[in-house]
Amino acid sequence: MHNLIQDLRYAVRMLRRNPGFTVVAVLALALGIGANTAVFTVVNGVLLRPMPFPEPERLFLVSYALQHGPFENGPSMVDSDYLEFRRQDQVFERIAGFARNSANLTGAGDPVRIPTANVTPDFFPVLRVDPAIGRAFLADEDQPGRDRVMLLSDKLWRNRFGGDSHILGRTVTLDGVRHTVIGVMPAGFTFPYDAEAWTPLAIKLDSHNSFMRPVIGRLKSGASREKALSELKTIMSRLPADPHEGGMDRRSEIVPLKDLLVTKIRASLWIFTGAVAFVLLIACANVANLLLARAAGRQQEMAVRKALGAGRWRLIRQLLTESSLVSLAGGVAGILLALWCVPALIAIAPEGKVPRVDQIRIDNWVLAFTAGVSLVSGLLFGLAPALQATRRELRESLSRSGRTMTGQHEGLRGALVVSEIALALVLLAGAGLMLKSFLQLRAVNPGFRAENVLTMTVELPDTVYRTPPEVHAFDQRTLARLANLPGVVAAGAVNLSPLGLFLTRGDFQLEGGRLFPRHYSVDKLCVSSGYFRTMGIAMRRGRDFTERDNAGAPGVVIVSQSAGMRVWPGEDPVGKRITEAEHPKPEDWFTIVGVVDDIRQMSLAANPDPALYYPYLQVQQPYWLSRMTFAVRTASNPMQLAAAMRGVLREVDRDQPVMAMTTMQEMMAASTAEPRFQTRLLGAFSLIALILSAVGIYGVLAYTVTQRTNEIGIRMALGAESADVLRMVLRRTLILAAVGIALGTAAALAVTRVLAQFLFEVKPADTVTFIAVAALMAGVALMAGAIPARRAAKVDPMVALRYE
């Protein structure tokens, strides 16, 4: 301990004597450690921190779901399978089903659409979470005929009801139906799906019920995940196959509950973790180079300490103490940097894409991680310089030649620079691929014209609008008023807006016994007359819908161009007839009256969707009509009409809130938000890596020029020109850059394969990107080497010959 304290005191004195070295080293490490701390804080909160429930390791999702095709639904079970599994299960203490929903809340201020969850009565006992006020659902409160009850989130209770202590027993209206409040959940509890209210879920089977929902279970004490999976497979194997699935595969899975939230972001976070690790390695290489340069000037000091009896291990320990102090100082600065970076990361992330935001914070685990990274970094960049500085013999160290830079030093410094260039090139290649992919995505033609279009989505509760004629009347009144607003060029409506979150897909029957293409499906939408004009979707053949295409007129449809070509190859689809019914009656047939362009309905990154459009006035299924997006095209800034559109909705029905209001250009931007975020983040890490690499190249060459000043003076005295000296220094720059670029390119070809799932119409080994990145790296290397090269070319031979 005495020796350690002595080493620490001496290390502090040495670092204070060299403030320039200390500041540069600490700043370089702060960038690397700070970036790692910020990303680890997010990874820890999202992926590593356990779910905030008692014994979360025993909570699992029980899934027997389709794995491929348009109806793939993530971990879930069909209602009939859930009921059968619940009846036979022997491994779980309890299991429960739940579903995402939303509802119109009225009677508590302005009408508002809130996220809700429907849960079976066992849901809260499975999680072992009790209401902070009141009680949870009883076993039979999901049965028909019982009074409607609900639970509020703490946030909703405070924001909408002012934290009323007498909230229990109060009546609240959801979707036009009165519910009695029986409890308020604890602060921060919003599971699942950031719900603000919970209602009982009644699971009943009939001929029209085939819902798939997530199912959660808590394993019994001592039961394993493997045993649960075995039981699930056994039970499901006994069930008869569903003839409507056409042989599609199902897979039994027991999935940790956390996967419900983090599956979609896990890959991105691990990639960012790898990227910041590269940044830290580059920072460590930079500091190692600084230490090597400093060690070359401390040969006399090391020699004197050896002469006084210090062993090599004693000297190495002293030097490692200094490097550890520098690293810990960089860690402290890195934490301060992370305190700013973490909120910035969350702020620039796409809304709703980062789950468990409330769990993202710098805590003891993050501090322990930072301390560990700092100590390991100190050893990583300090060990090689310490070994190099203490390896010479005493006589050599005391001689004049011992005070110059040896070949081993120069070779090691060159190797460190090469590694920096290689690591930076890997990051630059990844950022370049992401940038090219993002630009490709932004250039995609969505099939519609997004400019000057404002949309307003409304979801009508079936408890208020019970029949299709009532819904049609609401839509017609709304469309008529919207079309008459000043500045509106066209108005239309669609039940599933482009680039939205929802989609209905399926097949249909053809006339004359013709077979529908196997495993082929189309989007199914209902639209108003004027919708295609409003959205700028081109009509290729035939006609648009009109107001005469109503429930009393013969059924008509419009198909997209790719659907027409696929289903009726080489023929004109206009005039052909289709039906949705398996055993159609004459009134069940629809005649195709038009063909429109394909659009990218779900995502800009997906292929254009084949689609089938029905006139909404002929649609009689309430679930197809309840959600409607009204769109208006204007001659100028569409947001100027936002207040007027809300006013129209209040005129038609003041109890219906706007679910969402946005421009189509904002929808386009939202569709590219995640790749934009990934590109920005990788670009930022790559920029840091590039700067650190440039500093490393400059530092090596500048020190080389300083050490070789005497040699340069002799060369120039013997007749060498400034251009010769310039070429000599730049030649070394190009050699270092060429080796680093070659190694980095080889590494990047292997590493960037992990980006394949994030790239759009770009291959991980894209030649143009790699050439551009290599050229950029070479250019930066030459610029970093140009300053030392020019300084070397200006050396005065007389001054150089007197240089010591």
> Residues of the stretch 559-587 being out of contact with any Asp or Glu (no Cβ under 7 Å at 6 or more places or on another chain), surrounded by fewer than 21 Cβ atoms within 10 Å (Cβ to Cβ) and assigned to a helix (DSSP H, G or I), which ones?
Replying inline: Met565, Arg566, Pro586, Glu587
> Taking the stretch 5-17 as the search range and keeping residues that are free of Cβ contacts under 8 Å to residues at least 60 places away in the same chain and closer than 12 Å to Gln318 by Cβ, which one is surrounded by the fewest Cβ atoms within 10 Å (Cβ to Cβ)?
Replying inline: Arg13
> Could you say whether any residue in the stretch 141-154 is more than 22 Å from Gly217 (Cβ to Cβ) and in a helix (DSSP H, G or I)?
Replying inline: yes
>> All but one of (1) open to solvent by 30 Å² or more (accessible area, probe 1.4 Å); (2) part of a loop (DSSP other than H, G, I, E, B) hold for Gln656; state the number of the condition that does not hold.
In response: (1)
> When the stretch 696-721 is examined, which residues are found to be modelled with pLDDT of 75 or more and open to solvent by 50 Å² or more (accessible area, probe 1.4 Å)?
Replying inline: Tyr698, Glu721
>> Looking only at the stretch 623-649, filter to residues that are open to solvent by 30 Å² or more (accessible area, probe 1.4 Å) and of a type in the set (Lys, Arg); which one of those is nearest to the chain's Cα centre (by Cα)?
In response: Arg627
> Since Arg727 meets every condition but one in (1) part of a helix (DSSP H, G or I); (2) open to solvent by less than 20 Å² (accessible area, probe 1.4 Å), which condition does it not meet?
Replying inline: (2)
> List pairs: first in the stretch 519-530 and at pLDDT below 95, second open to solvent by 20 Å² or more (accessible area, probe 1.4 Å) and of a type in the set (Val, Ile, Thr), Cβ under 6 Å, 6+ apart or cross-chain?
Replying inline: Lys524/Thr504; Ser529/Thr546
>> Please go through the stretch 659-671 and give me each residue that is surrounded by fewer than 20 Cβ atoms within 10 Å (Cβ to Cβ) and under 19 Å from Ile265 (Cβ atoms), ordered by number.
In response: Ala670
> Looking only at residues in the stretch 18-37 that are open to solvent by less than 20 Å² (accessible area, probe 1.4 Å) and not aliphatic (A, V, I, L, M), which one is nearest to Gly274 (Cα to Cα)?
Replying inline: Asn36
> Which condition number in (1) touching a Lys or Arg at 6+ places or on another chain (Cβ under 9 Å); (2) assigned to a loop (DSSP other than H, G, I, E, B) is the one that Thr704 fails?
Replying inline: (2)
> Pick from the stretch 222-245 the residues that are open to solvent by 60 Å² or more (accessible area, probe 1.4 Å) and in a loop (DSSP other than H, G, I, E, B): which of them is modelled with the highest pLDDT?
Replying inline: Gly222
> How many of the residues making up the stretch 600-617 are part of a strand (DSSP E or B) and either at pLDDT 90 or above or aromatic (Phe, Trp, Tyr) (or both)?
Replying inline: 5
> Which one is farthest from the chain's Cα centre (by Cα) among residues in the stretch 103-117 that are part of a loop (DSSP other than H, G, I, E, B) and not aliphatic (A, V, I, L, M)?
Replying inline: Gly107
> What are the pairs, 6+ residues apart or on separate chains, where a residue within the stretch 618-629 that is touching a residue at least 60 places away in the same chain (Cβ under 8 Å) has its Cβ under 7 Å from a residue that is of a type in the set (Asp, Glu) and part of a loop (DSSP other than H, G, I, E, B)?
Replying inline: Gln618/Asp549; Pro622/Asp462; Ser626/Asp462
> Residue check: is Gln620 more than 36 Å from the chain's Cα centre (by Cα) and either modelled with pLDDT under 90 or buried (at least 22 other Cβ atoms within 10 Å of the Cβ) (or both)?
Replying inline: yes
>> The conditions are (1) modelled with pLDDT of 80 or more; (2) within 32 Å of the chain's Cα centre (by Cα), and Ser324 fails exactly one of them. Which is it?
In response: (2)
> If you take the residues of the stretch 328-356 that are among the β-branched types (Val, Ile, Thr) and crowded, with 19+ Cβ neighbours inside 10 Å, which of them is farthest from Pro50 (Cα to Cα)?
Replying inline: Ile335
>> If Ala429 meets every condition in (1) in a helix (DSSP H, G or I); (2) of a type outside the set (Asp, Glu); (3) touching a strand residue (DSSP E or B) at 6+ places or on another chain (Cβ under 8 Å) apart from one, which number is that one?
In response: (3)
>> If I filter the stretch 683-695 for residues that are outside any helix (DSSP H, G or I), open to solvent by 20 Å² or more (accessible area, probe 1.4 Å) and without any contact (Cβ under 8 Å) to a residue 60 or more places away in the chain, do I get at least one hit?
In response: no
> Taking the stretch 505-539 only, how many residues are part of a strand (DSSP E or B) and either farther than 21 Å from Val488 by Cβ or not hydrophobic (A, V, I, L, M, F, W, C) (or both)?
Replying inline: 9
>> When the residues of the stretch 171-206 are narrowed to those that are within 16 Å of Arg146 (Cα to Cα) and assigned to a loop (DSSP other than H, G, I, E, B), which ends up least open to solvent (accessible area, probe 1.4 Å)?
In response: Leu201
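The values are calculated or read from the model by the stated rules, or taken from the named source; none is laboratory data. The structure displayed is predicted, hence computed values, not measured ones. Positions of Cβ are backbone-derived with ideal geometry, glycine not excepted, and every protein chain shown enters the neighbour counts. Calculation scope for accessible area: heavy atoms of the full protein, side chains included, ligands and nucleic acids excluded. Shrake-Rupley method; radii C 1.70, N 1.55, O 1.52, S 1.80 Å.
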